[in-house]
Protein chains: 2
Amino acid sequence: MTFDEEYRIKLEEVEEIVERYLPREEGYQKTIFSAMNYSVRAGGKRLRPMLMLETYRLFDGRSRVIEPFMAAMEYIHTGSLVHDDLPCMDNDEYRRGKKTTWSVFGDDMGVLAGDALFFYAFETAGKAFDMNVNNNNVGKAMSLLAVKSGVYGMAGGQTVDVEMTGKALRKDQLRFIYELKTGALIEASMMIGAILADASREDIRTVEQIAKRVGLAFQIQDDILDVTSTTEELGKPVHSDEKNAKTTYVTLFGQEQAGIRSGLLLNEAIERLDSLTGENRFLKQLLEYLITRKK
Amino acid sequence: MTFDEEYRIKLEEVEEIVERYLPREEGYQKTIFSAMNYSVRAGGKRLRPMLMLETYRLFDGRSRVIEPFMAAMEYIHTGSLVHDDLPCMDNDEYRRGKKTTWSVFGDDMGVLAGDALFFYAFETAGKAFDMNVNNNNVGKAMSLLAVKSGVYGMAGGQTVDVEMTGKALRKDQLRFIYELKTGALIEASMMIGAILADASREDIRTVEQIAKRVGLAFQIQDDILDVTSTTEELGKPVHSDEKNAKTTYVTLFGQEQAGIRSGLLLNEAIERLDSLTGENRFLKQLLEYLITRKK
């Protein structure tokens, strides 16, 4: 089986899990359920839950306890995009060729749909308690989800990103934004996989180091694609960073150096992944794909 | 000691706990920390954490495990007000005589500050794990916090409230909004107090019944005060429901019937509270105060 075939099968499995926990569109608050489901079904790579599942399997996790957390992670990621797109934020009417949540349901429902997805994420993750696994690990995973989504994670990164819009960034500021805005949820995804599989403290630490590198390299690749890809390939406008005068790894270091940095980070991640004992064939290919992807 | 004196002492205790868990305003994401702290420090009755603490004590809870949950509850309540006030929601520039978060920090930071408070609430509640109590109870409390904040709780109620703005409500719709928008967090507060004090399933169920009645009566009293109070007493404009053509218990049933209904709910709550074995003197006075308050 080629990587592409295997990836498609895995993606279907992840999609089914993300879909299964969505609320039924019924009752007085039907509109918010519709807005949530619309947002989640608008698609995406489902990268975070896939990384979570593969890391869980790397440590020989075999229970379904990972599933509510996979869904929860995707709901938080989706909620953050819903808020990012709002008129008072990035004011985007389209994402991946589809109307954004607020442009279908209104600004007020856009705010509430994001909020709803955040709460629903913790509600869904909470279903992992009493699933015949160590509840202490579930608690740890839930706390980590909160920390990495919040002000010391994703939301903290977004704040600095929003605040610095239109201003030139120093290297340390750019790195901070990348590590938090993109990196934190990738770290949380892989670490939660390890925690729920009852990995050792040391192994969880190694997973964190892998995920840090993957997150940063993933974002650098985004910067590179913005200058090297075409709108057709990418499914979104290219050269947008230049137009918006955005500081990126490419504007700061040049395309070649950015590519070298990304490759280096990938190597470091793979090296650490190989130092762990589990079966890592697909996960390794997945990391390579994410960081060398063309769209 | 009069109730007022005792209440002030308890309020100080609650304020100290809510304050203690706030983030330090430092680092790259300083602005979001400032916006969060500004929002929380803008004040309020701290009703929810106080109810949580008193219910915890009713069941003889004696550990500090309740404290992170008290703070978490107030952060969620605050975050929901921050989002409610946004230009694309209620568009309020002032709350309790102070500038609202978005009108100080901008709309974009208003959205992010609400989000940040939500995540920070779960982050804070998560600190209760490994505080030498039953981690299963902490997990239950965290799940309940998510459920009662989300689409089957507060956020669900807000959705219907926003959607029905300017439209006449049926009785069942009004009740749904009150039970979810106001009631759900009051239920969560009292139930989490009981859960963390390791109360029995049956007692937690009784607490839920008490809290349901308190939440509804509290909201009906709000409706009554809007027609009977003065702007000076209330600290916010009165007769606002009439001006906004809002359906309330007073517009649906008349002021007298609304008062009778609220009194009945209070009696039912007190009756159930008396059926529990703990020391309930202050809690009983607190419920009476909340439901017969003049502001």
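Values quoted throughout were computed directly from the atomic coordinates according to the rules given, and no laboratory measurement underlies them. None of these values were measured; they are calculated from a predicted model. Note that each Cβ is placed from the backbone with ideal geometry, even for glycine, and that neighbours are counted across all protein chains shown.
Relative contact order for chain A: what is it in percent, counting Cα pairs under 8 Å that are at least 6 residues apart? Each step should come with its number before you reach the end.
Values: 395 pairs, mean separation 54.9, N = 295.
Relative contact order here is 19 percent.
So, R0 is 45 Å and r is the distance between the beta-carbons of A:Leu264 and A:Lys30; what FRET efficiency does that work out to, to 0.05?
Efficiency, from the Cβ-Cβ distance: 0.35.
Calculate the dipole size of the protein assembly as shown relative to its Cα centre from +1 charges on Lys and Arg beta carbons and -1 charges on Asp and Glu beta carbons; express the result in debye to the nearest 20. Could you put the intermediate results ahead of the total?
Numbers: 76 positive and 92 negative charges, 32 e Å.
With only Lys, Arg, Asp and Glu charged at Cβ, the dipole is about 160 debye.
Averaged over peptide A:161-170, how many Cβ atoms belonging to another chain are found within 10 Å of each residue's Cβ? Don't jump to the answer; show the numbers that get you there.
Details: counts 1, 7, 10, 1, 1, 0, 0, 0, 0, 0.
So the per-residue partner count for this stretch is 2.
Residues with amide H under 5 Å of A:Ser63's amide H, sequence separation 5 or more or different chain, H placed in the peptide plane at 1.01 Å from N; which?
Answer set, sorted by chain and number: none.
Counting only other chains, what is the mean number of Cβ atoms within 10 angstrom of the Cβ of each residue in peptide A:244-253?
0
Given the options A:Pro87, B:Val14, A:Phe129, identify the residue whose Cα lies farthest towards the positive end of the charge dipole of the protein assembly as shown (+1 on Cβ of Lys, Arg; -1 on Cβ of Asp, Glu).
A:Phe129
What's the longest piece of chain A with no exposed GluC sites (Glu not before Pro), counting a site as exposed if DSSP puts it in a loop and it has at most 15 other beta carbons within 10 Å? Write out the running numbers ahead of the final one.
Working: sites that count: A:Glu25, A:Glu26, A:Glu93, A:Glu279.
Free of exposed loop sites, the longest segment is A:94-278.
Determine ³J(HN,Hα), in whole Hz, for all residues of segment B:38-51 in sequence, where each value follows from phi through the Karplus function 6.51 cos²θ - 1.76 cosθ + 1.60 and θ = phi - 60°; x replaces Gly and Pro.
Per-residue couplings from phi come out as 4, 4, 5, 6, 5, x, x, 7, 6, 4, 5, x, 5, 4 Hz.
Which one, A:Ala42, A:Ala141, A:Thr101, is farthest towards the positive end of the dipole of chain A when Lys and Arg carry +1 and Asp and Glu -1 on their Cβ?
The residue sitting most towards the positive pole is A:Ala141.
Give me the distance between the Cα centres of segment A:254-279 and segment B:179-242, rounded to whole Å.
Spelled out, the Cα-based centre of one part sits 54 Å from the other.
Which pairs in the list A:Lys171/A:Lys284; A:Lys10/A:Lys295; A:Lys99/B:Lys167; A:Lys243/B:Lys30 are over 22 Å apart, alpha-carbon to alpha-carbon? Spell out each step's value before the answer.
Details: A:Lys171/A:Lys284 29 Å; A:Lys10/A:Lys295 19 Å; A:Lys99/B:Lys167 27 Å; A:Lys243/B:Lys30 28 Å.
Too far apart for the 22 Å limit: A:Lys171/A:Lys284; A:Lys99/B:Lys167; A:Lys243/B:Lys30.
Under 19 Å Cα-Cα from B:Lys236, which aspartates and glutamates qualify once same-chain neighbours fewer than 8 residues away are excluded?
By straight Cα distance, B:Lys236 reaches B:Asp84, B:Asp85, B:Asp90, B:Asp92, B:Glu93, B:Asp222, B:Asp223, B:Asp226.
When the dipole is taken about the Cα centre of segment A:72-189, and only Lys, Arg (+1) and Asp, Glu (-1) are charged at their Cβ, what size is it in debye, to the nearest 20?
400 debye
Take the alpha carbon gyration tensor of the protein assembly as shown, find the square roots of its eigenvalues, order them as a ≥ b ≥ c, and report rounded if a/c is under 1.5; if not, report prolate when a/b exceeds b/c, else oblate.
Details: a/c = 2.05, a/b = 1.60, b/c = 1.28.
In terms of gyration-tensor shape, prolate.
Explain nothing, just the number: dipole magnitude of chain A about its Cα centre with +1 on each Lys and Arg Cβ and -1 on each Asp and Glu Cβ, in debye rounded to the nearest 20.
It works out to roughly 220 debye.
Once you average over the residues of A:120-131, how many Cβ atoms of partner chains fall within 10 Å of each Cβ? Let's see the in-between values first.
Numbers: counts 7, 4, 12, 12, 3, 4, 8, 1, 2, 7, 4, 0.
Shielding by partners across A:120-131 averages 5.
Using Cα positions and a limit of under 19 Å, work out the lysines in reach of A:Lys127, with same-chain residues fewer than 8 apart set aside.
Once the sequence-local lysines are set aside, what remains near A:Lys127 is A:Lys140, B:Lys140, B:Lys148.
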